[in-house]
Structure formats: structure tokens, C-alpha cells
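Note sheet for the following structure.
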Amino acid sequence: MRTECQSCSFNFGIKCPDGYTKVTNGSIGVRDCRYTFEVRSYSLSLPGCRHICRKTYLQPQCCPGHWGPDCMECPGGASSPCSGRGSCAEGMGGNGSCSCQKGFGGTACETCADDNLFGPSCSAVCGCVHGVCNSGIAGNGTCECHSAYTGPHCDKRKCRQFPQRHQIEWAQMRAFQLCVRILGLDAKN
């Protein structure tokens, strides 16, 4: 803001309004205006001076790693926002959400983005065919196979063994067929 333009010789003692500080302090001000001087019925436009005044505002800000009007801590902690694997929407206008680097996911970029990835950089791909992979950031990619499969990648079928109950039923069925043949009956009818 600027004070009212007036004669430079009278401008030295002019003060800024309450709450403002004179930037042009210790001088007559800035010669960048004209003022009107009236003598009886005459008006003269003369070069004049005015002061520049500024008001200092306090604008609250969040510290790095914090967000929102209450400056809440970003997911993953203020010292390592987004677990060090992304960037936090921080600051007073931020919402604290993480934009994760490629391969990472979760609220704080604390997981691999895909269940089929593993390792600290979430870049290794699991090779399990018929099983569950030990995936994730702390995972090592080993496979836990479904019951009918085996092998490091769960890609080999196990030999099928019938439970005891099925073996008994099979034996009874074979015995019935044997009896039918002995009696000379046609088993196909």
C-alpha cells in the first residue's frame, strides 16, 4: 500500500496506518505521483511524494512430512514419508495421500503393488504355477504348493493315491464283477 500523495517537503514525517511498516523509512518517500494544490480559485497539479507501506502476515506452514490444517504426519512417518518409496501430498493444502514409485502400493507404499511381485524393490516376479508365492517386500519368492502339486514352482503333479475308503470300494466293485462272471451273468445288462 502507498500513503496519500503530497508535497515531498511535508512527507518526511508521514506514518503508515496501524499494522503497517514504512518501507521507505528515513526518506521523503518515492517521487512517483502528483497532488493537487489549491490557491483560492486555482488548482495546480504538482509532483509529489508518497511512502510505501507493507503489512507482515503470519502464514502457518506444516513442517516437511506433515499435511493438512492440523499438520498431521504423512503415512510412513514424518522422517520417511510414504516409507521412502513415494511422495506425500504434504503441506497445509495437502491430503496426506502417497503417490508410490513404480512397483509399490498401499497407503504408505509399504507393499508391492502386485501380489505376484517380491523383494525389497518389488521387481522380482514369482514363478508359482499352482501355489501361493511368498511375495511382498520381505518375500523371497518361494512357493507353497496346492495339495496336488510339487516342485520349486508347483508345476509338477503328485502321483494320485486313493484314500483307504476308495480302495475298499474298488475292491468291492472288483469282487462284484468277479461274482457276476462266475455266475455267468452279463455284467453289461
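Would you kindly derive the ³J(HN,Hα) couplings of the stretch 65-79 from the backbone phi angles with the Karplus curve 6.51 cos²θ - 1.76 cosθ + 1.60 (θ = phi - 60°), listing them in order in whole Hz, with x for Gly and Pro?
Calculated HN-Hα couplings, in order: x, 10, 8, x, x, 9, 6, 6, 6, 5, x, x, x, 5, 6 Hz.
Where a Cα-Cα gap under 12 Å defines reach, which aspartates and glutamates qualify for K55, not counting those fewer than 8 residues away within the same chain?
D18
Applying 1/(1 + (r/R0)^6) with R0 = 25 Å to the Cβ-Cβ distance of F12 and S43, what FRET efficiency is obtained, to the nearest 0.05?
Efficiency for this residue pair is about 0.50.
In whole Hz, with x marking every Gly and Pro, tabulate ³J(HN,Hα) for the stretch 48-57 from phi via Karplus 6.51 cos²θ - 1.76 cosθ + 1.60, θ = phi - 60°.
Values, residue by residue: x, 10, 8, 9, 9, 10, 10, 10, 8, 10 Hz.
Taking the Cβ of D32 as the centre, find all other residues whose Cβ is under 12 Å away and add up their charges (Lys, Arg: +1; Asp, Glu: -1).
Net of charged neighbours comes to +4.
Among the aspartates and glutamates, which have Cα under 12 Å from the Cα of K15 when same-chain residues fewer than 8 positions away are ignored?
Within the straight-line limit of under 12 Å, K15 reaches these aspartates and glutamates: E4.
Could you pull out every residue, at least 5 positions away or on a different chain, whose amide H is within less than 5 Å of the one on Q6? Hs are placed 1.01 Å off N in the peptide plane, and Pro or chain starts have none.
Amide H neighbours of Q6, under 5 Å, 5+ apart: C49.
Between S27 and residues 5 or more places away or on another chain, which pairs have amide H atoms under 5 Å apart, with H built 1.01 Å from N, and which residues are they?
Close amide H contacts, sequence-distant or interchain: none at all.
May I ask you to evaluate 6.51 cos²θ - 1.76 cosθ + 1.60, the Karplus curve with θ = phi - 60°, for each residue of the stretch 20-33 and list the ³J(HN,Hα) values in order in whole Hz, giving x for glycine and proline?
Calculated HN-Hα couplings, in order: 10, 10, 6, 6, 8, 5, x, 9, 7, x, 9, 8, 9, 8 Hz.
Please compute the length gained on full extension between V129 and C63, using 0.36 nm multiplied by the number of residues separating them and subtracting their Cα-Cα distance.
19.0 nm
Around G76, under 15 Å between beta carbons, what's the net of Lys plus Arg minus Asp minus Glu among the other residues?
-2
Suppose R0 equals 30 Å; then what is the FRET efficiency for T142 and S97 from their Cβ-Cβ distance, rounded to the nearest 0.05?
0.35
Please list the non-local residues whose amide H lies under 5 Å from the amide H of Y35, H modeled 1.01 Å from N, same-chain partners needing a gap of 5 or more.
Amide H neighbours of Y35, under 5 Å, 5+ apart: L46, G48.
Find the Rg to Rh ratio for the stretch 66-108, where Rh is the Kirkwood radius over alpha-carbon pairs and Rg uses the same atoms.
0.97
Picking from V30, A89, S79, whose Cα lies most toward the positive end of the charge dipole for the stretch 19-114 (charges on Cβ: Lys, Arg +1; Asp, Glu -1)?
Checked the options; the winner is V30.
Throughout, read-outs are computed from the coordinates displayed, never taken from laboratory work. Owing to the predicted nature of the structure, the values given are computational and were not obtained by experimental measurement. Cβ coordinates were reconstructed from backbone atoms using ideal geometry, including for glycine residues, and neighbour counts include every protein chain displayed.
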